[in-house]
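Undergrad: Questions regarding the structure given below will be posed in turn.
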Amino acid sequence: MTDRHDDVQADRRRLLQWLGAGAAASTLTWSGKLFAAASNTDTRFLLVFLRGGYDANSLLVPVNSADYYSVRPNIAISKTDALALSNDWGLHPALKDSLYPLWQRSEIAFVPFAGTDDLTRSHFETQDSIELGQPTSGHRNYQSGFMNRLAQQIQGVPAISFTGTLPVCCTGPVNIPNVALQDANRAPFDERQSKLLAAMYDNHPLGAQVKEGLNLRQGVARMLQDEMTAANRGAVSTRGFEDQARRMGRLMREQYRLGFVDVGGWDTHVNQGNANGALANNLNSLGKGLAAFAQESGEAWNKTVVVVVSEFGRTFRENGNKGTDHGHGSVYWVLGGGIHGGQIAGEQQEVSIPKLFQNRDWPVLNDYRAMLGGMFTHMYGFNSQQLEAVFPGVKPVDLKLV
């Protein structure tokens with residue numbers, strides 16, 4: 001039989017693995033100052049990163065572009081299927097019951113021809129470029145993501161990443177916790193183990209981090225257990241991103257003011273589909289999740305801004321496998337109860353073959369750093385020095401969305 005000492009030592013090893021090598025890794029750390037109840041703003045900001053480069057041409061459909069329909073014989077969204085947004089644009093029908101109502105309430109806007117000047121068309125390199133938020137030319141500091149720099153400028157505002165590992169955009173001197181909510185109901189330690197482990201780190205330099213880390217995970221686990229109990233009486237669905245988004249909504253409503261989450265599965269090289277198929281299924285799940293987040297936010301939705309980005313768009317023409325390849329310009333989404341929605345914002349141009357970037361992609365006419373810089377200036381009252389600290393060298397553009 002294994003004695004209690006061995007059990008405790010095993011638990012300690014699990015704790016160190018959970019916190020990261022020696023609990024020093026930046027991927028899972030806590031700071032007492034970060035969780036201070038007082039904050040200098042009640043505004044909430046959530047960044048949703050669609051990893052894989054989603055096909056913006058299917059999300060925001062250029063319904064009056066003859067070229068769009070000629071180069072996408074299998075995957076175009078028909079004019080009759082697209083949900084009308086304006087004379088020139090339609091929305092993918094998979095979002096009819098989730099995000100289209102937000103459009104009708106002016107709680108969502110779209111920014112086409114958006115992105116970065118990174119031209120590698122590499123998932124990882126372009127994701128890093130966006131998450132770092134630094135100029136793509138010259139030296140880049142991979143230990144300084146723009147969400148962390150944002151947290152530095154609005155000190156005392158609790159931040160969190162709803163991910164299994166800390167993303168690049170959250171790296172930096174502010175200790176931002178990360179937790180993958182889809183697995184959070186499986187707490188790594190029960191209450192007895194948590195007390196033993198906390199006691200082991202009394203008077204230890206890592207004691208405060210360990211205690212706060214254990215409290216965070218145990219608190220989330222209790223919240224999810226309460227939710228599952230309520231679900232036994234038909235309260236909420238517990239499927240995929242929608243379930244996770246509801247949990248995010250509760251946490252940001254009650255405790256956090258800055259958040260990050262990423263959603264994968266958008267690299268549609270083969271059999272992308274049109275009004276139905278793989279991409280439609282992804283959009284349907286994402287739309288339901290974002291709608292659930294808005295609903296769960298309650299009154300806080302009126303003080304919340306959600307921005308949905310992806311590393312790049314996809315090729316204007318479909319490929320030989322009825323899919324699309326890595327592109328350049330994309331469409332970003334801005335959601336919130338208090339935004340100036342119901343509009344297609346930013347600089348735009350005709351969607352046609354002669355106007356394509358390098359004869360294959362949408363161009364980037366709305367730089368994401370300038371776009372977010374303009375939003376942060378209004379949301380947080382930043383002066384030029386504060387904005388420079390978040391996005392070095394940027395000239396903000398006010399799209400009048402917030």
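Undergrad: Looking for whichever is surrounded by 16 or more Cβ atoms within 10 Å (Cβ to Cβ), among the acidic types (Asp, Glu), modelled with pLDDT of 95 or more and farther than 19 Å from Val364 by Cβ here; the options are Glu107, Glu131. Which one fits?
TA: Glu107
Undergrad: I'd like to know if segment 315-322 contains one or more residues that are buried (at least 20 other Cβ atoms within 10 Å of the Cβ), closer than 23 Å to Ser161 by Cα and not basic (Lys, Arg).
TA: The answer is no, given that none of the residues of segment 315-322 is buried (at least 20 other Cβ atoms within 10 Å of the Cβ), closer than 23 Å to Ser161 by Cα and not basic (Lys, Arg).
Undergrad: Mind counting the residues in segment 383-396 that are touching a helix residue (DSSP H, G or I) at 6+ places or on another chain (Cβ under 8 Å) and either modelled with pLDDT under 95 or surrounded by fewer than 17 Cβ atoms within 10 Å (Cβ to Cβ) (or both)?
TA: Residues in segment 383-396 being touching a helix residue (DSSP H, G or I) at 6+ places or on another chain (Cβ under 8 Å) and either modelled with pLDDT under 95 or surrounded by fewer than 17 Cβ atoms within 10 Å (Cβ to Cβ) (or both): 2 in total.
Undergrad: Within segment 259-279, track down each residue that is crowded, with 19+ Cβ neighbours inside 10 Å and in a helix (DSSP H, G or I).
TA: Leu279
Undergrad: Does at least one position in segment 64-87 carry a residue that is among the basic types (Lys, Arg) and more than 22 Å from Gly265 (Cβ to Cβ)?
TA: Yes, segment 64-87 contains a residue that is among the basic types (Lys, Arg) and more than 22 Å from Gly265 (Cβ to Cβ).
Undergrad: So His123 ticks every box in (1) crowded, with 18+ Cβ neighbours inside 10 Å; (2) in contact with a strand residue (DSSP E or B) (Cβ under 8 Å, 6 or more places away or on another chain); (3) not charged (D, E, K, R) but one. Which box is left unticked?
TA: (1)
Undergrad: OK, next. Could you please find all residues in segment 372-392 being assigned to a loop (DSSP other than H, G, I, E, B) and over 18 Å from Met147 (Cβ atoms)?
TA: Within segment 372-392, Gly381, Asn383 meet the criteria.
Undergrad: Can we say Arg121 is among the basic types (Lys, Arg) and under 18 Å from Pro392 (Cβ atoms)?
TA: No: the conditions fail for Arg121.
Undergrad: Provide a single number: the residues in segment 152-165 that are of a type outside the set (S, T, N, Q), under 24 Å from Gln182 (Cβ atoms) and in contact (Cβ under 8 Å) with a residue 24 or more places away in the chain.
TA: Number of matching residues: 4.
The values are calculated or read from the model by the stated rules, or taken from the named source; none is laboratory data. What you see is a predicted model; the values in this text were computed from it and never measured. Here the Cβ is made from the backbone with ideal geometry for all residues, glycine too, and neighbour counts use every protein chain on show.
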